[in-house]
Structure formats: C-alpha cells, structure tokens
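Each value in this text was obtained by applying a stated rule to the coordinates, not by laboratory testing. These numbers come from a predicted model, not from an experiment. Here the Cβ positions follow ideal geometry from the backbone for every residue, glycine too, while neighbour counts run over all protein chains shown.
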Amino acid sequence: SRGPRRALALGPRRRTRALRGPRSACQRRENPSEDDLRRFEFFGRRYLAEASDDGLEVKPAALTAGYWPAYPEVPLKLPPALARAKASFEAWYFGRAQGRRLAWHHGLERCLVRATYATRALTLDVTLGQACVLVELDGGSVATTARLIEATGLDADELGRTLESLEEFIAPAPGDARAARVSLSNARARIAVAPPRAADAAPLRNKVVESVRRDRQYAVDATIVRVMKARKTSSHRDLVAAVLSALVHPSSAAQIKARVESLIDREYLERDRRNPDTYNYLA
C-alpha cells in the first residue's frame, strides 16, 4: 500500500500586470501581442517536451493586475519540479516582456495530482498548497507539523486549514505527525478537493451577524417610536403586539421589552406614574 505518488499533472497558474484588457493603438507596442498570449498557452507543452523530466505539465495564466481584485499573499515553497518550471517560465517571459514584473499568487493556483492508493489510481484536483503537502507525504512518508511548515513555507494557521481540508487523504500518525492514508472509500477516479477555508471567514461572519443584530435593533426602536407617537399612550401588552405585527423580521416580547427600557433611558418614553405597565410617549 502506498500513499500518493508524485506526479503534478497541471502546474501553477500565474498572474502578472498589463497582459489583458482594452488596449489603444499607442499601447500595442508596449503590451505583449496576441501571438505572445497564445504562446503562453503552449509554454507548458514546450517545457514538458524540452526542459522537464519530472512528468510535469505547467499551464501559466497571465492576468492583468489592474482588472482583478487584490489577493492576499500566500507564502509557499514550491516542490523542486515546480520551482524549476517557475524559473524556466520567468526566463522565457522576461525575454519577451522586458521591464515587467511577475507577481505570483499561489492562492489562485490549482494542480492535478495523480496518486495511487493501494491498487487504485486516481486524480486529485487540489490547490497548490494542498499539492505541496501531499508531495511531502509521498511514498508513505511521515511528517511532523514542524517539518511540513518548513517544507511548504505555510504558517501554522494556514497549514492547519490545509490539513483539515485533506482529512480524506491524510491520517494522523503517532505524535504530532501526518501520513497518507493507505486506502480511500471514495470510488471516483477524479476527486475535486475543496480548498482550505478562508482565514477570515469567522471574523467576517461575526461582523455580518453583529451588523444584522444592530440593524434589527434600530428597526425595533423605530417601530416602537412610530407606534407610540400615533397612540401617545399604550399598555405594554398592546405595544408588544403592535410592534410584532409591524416588524418584517422575527422578534420576541423579551427583545421588545429590552428596547422599550432603552427608549425610556433615552427619554423617548416614560412609564405612567399611576400604572407602571403603561407607557407614555414624550414629544
């Protein structure tokens, strides 16, 4: 039984400046021609035929930075085969586009990894970071967290999210270590592996929840004031019923009571001196 056999079938997709987008006549001399863009597509075939003995096919994608959103930098140490492909592409590219700068965005890159589990051969569609982790566990190797951090260049948080996304293919080993699983229950010949969850997913979710809570709070306050302004005086029970029927989002009597207390503190309402269960509107 063996773990994933290293054979990166589709190399990284790359990103650079000013290669696509609308061009005027005066820009055509500065920007690469359409023929150059087509040559980028065939670079992988030439590299595979002329420069690589790794069984590696690369397919760079040169994108215009000005037409794409900003992406966070993902520190990553490439496996030797991909590092050689990267260097070869840079030499080829800068020979045709002098004075330009390549910005490699590893977070956008995908790889096809041919792997063998037991007697099954399959293809894994993974991110480049996931591929780097799988390569370190090739051939039944066992790697600790510290070794994976050193080999891949990922920080501890990013590596943790990457290992979490590869749980179907990687098993815990004794100590703080990981190893490739001996066999898989997934019967498909090609498996698209979900990318690691975003690092800022939880803070963003909390921010959205807090924003929704605050907006609903304002809506309850406005509805209470609108009802009391029309009625001038209302019992607590009637006020709660009127507010619940007017709101477009779900709420509860306890939430409305809390907002009434807040409005009393801010002197929008007051309790009736003779009947504390009745509220008066303060103009």
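Here are the numbers:
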read-out: Scattering curve values for segment 98-198, log₁₀ I(q)/I(0), Debye with Cα scatterers, q = 0.12, 0.17, 0.22, 0.23 Å⁻¹; value: -0.40, -0.76, -1.22, -1.32
read-out: Segments 210-216, 123-129 sorted - mean Cβ within 10 Å per residue, highest first; value: 123-129, 210-216
read-out: Inter-label distance for D155 and R190, nm, one decimal - labels placed 7 Å from Cα along Cα-to-Cβ; value: 3.5 nm
read-out: With eigenvalues of the C-alpha gyration tensor scaled by 5 and rooted, segment 149-283, Å; value: 58, 16, 12
read-out: Partners for K257 among lysines (Cα-Cα distance below 20 Å; same-chain residues under 8 apart left out); value: K229, K232
read-out: Sites N275 and K232, calculated FRET efficiency, Cβ-Cβ separation with R0 22 Å, nearest 0.05; value: 0.95
read-out: Cβ-derived FRET efficiency at R0 30 Å, A173 paired with K207, nearest 0.05; value: 0.20
read-out: Taking the C-alpha atoms of segment 76-151, convex hull volume expressed per residue in Å³; value: 108 Å³
